[in-house]
Amino acid sequence: MKLFSCTSCGNRIFFENVQCTACGAALGFVPERLNLAAFEPAGQGLWRELGGRGRLYRKCANYEHQAVCNWMVPADSPDSFCPACALNQTIPDLTQPGNRDLWAKMETAKRRLVVSLMQLGLPLASSQAGVRPLAFDFLADTPPTFHDSGRVLTGHKNGLITLNIAEADPVVRAKMREEMDEPYRTLLGHFRHESGHYYWDLLVRDTFAIHEFRERFGDERLDYGEALARHHRQGPPPNWRDGYVSAYASCHPWEDWAESWAHVLHILDTLETALQFGLRLDGEGTRGAPEDTAFALDPFRHANFNEIFERWMPLTFALNSLNRSMGHEDAYPFVLPPAVVEKLAFVHRVATGSGRDG
């Protein structure tokens with residue numbers, strides 16, 4: 001994620017902020033410029049960037065009325081919602097205690113995903129036959145009945161990503177991490193993983209990329225339900241670390257792709273943040289690199305994944321070392337063998353250069 005400064009006072013601000021903590025200016029994210037700026041009222045519910053005389057904006061309806069967003073919508077737009085909130089098909093029942101707070105956390109993670117997709121130039125809607133626009137259902141478990149367990153399962157189907165809002169509760173998520181024996185489980189990770197399924201349909205399924213996909217990930221025509229059942233019954237193969245980014249990735253080629261897709265987004269976003277802070281780390285693959293190339297790389301626009309990866313590995317060592325100094329578990333609990341790096345490079349190549357029809 002980029003770093004942002006208040007355009008009123010220059011104070012450092014976070015992507016999620018709605019007000020500058022230094023000068024008190026109202027903040028809004030302008031998606032067409034991917035920038036967080038200070039705004040001033042322009043009358044009749046409209047806003048103008050502070051000190052500017054340009055385009056007028058409205059707050060996204062979920063900013064204005066629900067306080068779960070901080071994005072702006074052009075005043076002349078027919079849309080009430082920003083590009084991120086417009087993806088919502090179903091939101092939680094806000095009459096239930098706690099649901100608004102959980103939903104707000106879901107929206108924050110989703111907006112980070114959407115910014116990454118925009119940076120990659122990926123469409124949020126497609127005219128491609130058989131691929132629906134990307135959409136989200138945020139649902140909560142309900143009491144079980146004779147015919148229905150009432151449990152909401154996180155997943156993707158035909159463009160619709162369903163997420164159980166309980167995943168936004170850190171206590172529940174920690175419990176699931178233990179039960180599923182997952183070293184890494186985050187809300188943003190769920191969004192990235194499920195978006196991978198959507199973009200597989202859009203960028204791989206009916207394209208020439210399907211042949212290389214099958215060479216690297218396997219044949220996705222393998223029975224998916226049976227593969228999942230076997231994984232949950234038997235667990236991953238003993239040697240899964242030799243070829244998969246996670247244990248879950250080993251259960252089926254679709255899940256291998258989605259886990260790899262999420263991992264590429266982890267790398268790009270985190271590396272962008274590090275470089276925005278001016279971090280330069282010496283390590284294998286980067287030592288001796290020229291100053292300009294070591295510093296100026298834009299992960300979301302750089303075509304060579306190997307060069308991205310060379311900067312990524314020293315950063316992960318630093319992240320883990322910092323966490324250990326604070327008494328925490330590793331921030332990056334992954335080991336990436338060559339076979340996995342090749343998969344990530346393929347995902348990166350598809351994400352940055354194929355299937356653009358939106």
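The values are calculated or read from the model by the stated rules, or taken from the named source; none is laboratory data. Note that this is a predicted model, so its numbers are computed, not measured. Please note: Cβ atoms are built from the backbone with ideal geometry, for glycine as well, and neighbour counts cover all protein chains shown. SASA here: full protein model, heavy atoms, side chains in, ligands and nucleic acids out. Shrake-Rupley method; radii C 1.70, N 1.55, O 1.52, S 1.80 Å.
Against the criterion of solvent-accessible heavy-atom surface with a 1.4 angstrom probe, H252, H197 sort, most first, into H197, H252. Summary of packing: across the peptides 33-39, 58-64, 254-260, the per-residue average of other C-beta atoms within 10 Å ranks them, highest first, as 254-260, 58-64, 33-39.
For the chain, what class follows from the C-alpha gyration tensor (a ≥ b ≥ c being the square roots of its eigenvalues): rounded when a/c is under 1.5, otherwise prolate if a/b is larger than b/c, else oblate? Taking the square roots of the gyration eigenvalues as a ≥ b ≥ c, the chain is oblate. What fraction of the Cα pairs in the stretch 82-138, stated in percent, has a spacing above 15 angstrom? Looking at the stretch 82-138, the distances longer than 15 Å represent 54 percent of pairs. For the chain, DSSP calls about 70 percent of its internal beta bridges antiparallel. For the stretch 46-162, what class follows from the C-alpha gyration tensor (a ≥ b ≥ c being the square roots of its eigenvalues): rounded when a/c is under 1.5, otherwise prolate if a/b is larger than b/c, else oblate? Verdict is oblate for the stretch 46-162.
Once the C-beta distance of A125 and R324 is scaled by a Förster radius of 30 Å, the resulting FRET efficiency is 0.10 to the nearest 0.05.
Could you tell me how far the Cα centroid of the stretch 296-358 sits from the Cα centroid of the stretch 21-42, in Å? Spelled out, the Cα-based centre of one part sits 31 Å from the other.
Among the lysines of the chain, pairs at least eight places apart or on separate chains and with Cα atoms under 21 Å apart come to 6. Between the amide H of Q19 and those of L27, distances stay under 5 Å, these residues lying 5 or more places away or on another chain, with hydrogens modeled in the peptide plane. Accessible-area rank, largest first, for L139, L203, L222: L222, L139, L203, with all protein chains present and a 1.4 angstrom probe. So if we plug the beta-carbon distance of N304 and R214 into 1/(1 + (r/R0)^6) with R0 = 25 Å, what FRET efficiency do we get, rounded to 0.05? For R0 = 25 Å, the calculated efficiency reads 0.55. More than 16 Å apart: what percent of Cα pairs in the stretch 299-358 qualify? Roughly 55 percent, rounded to a whole number. The stretch 86-100 and the stretch 203-221 have Cα centres lying 36 Å from one another. Entry for the stretch 211-252 at q = 0.14, 0.17, 0.32, 0.33 Å⁻¹: log10 I(q)/I(0) = -0.32, -0.46, -1.14, -1.16, Debye formula applied to identical alpha-carbon scatterers, no solvent contribution.
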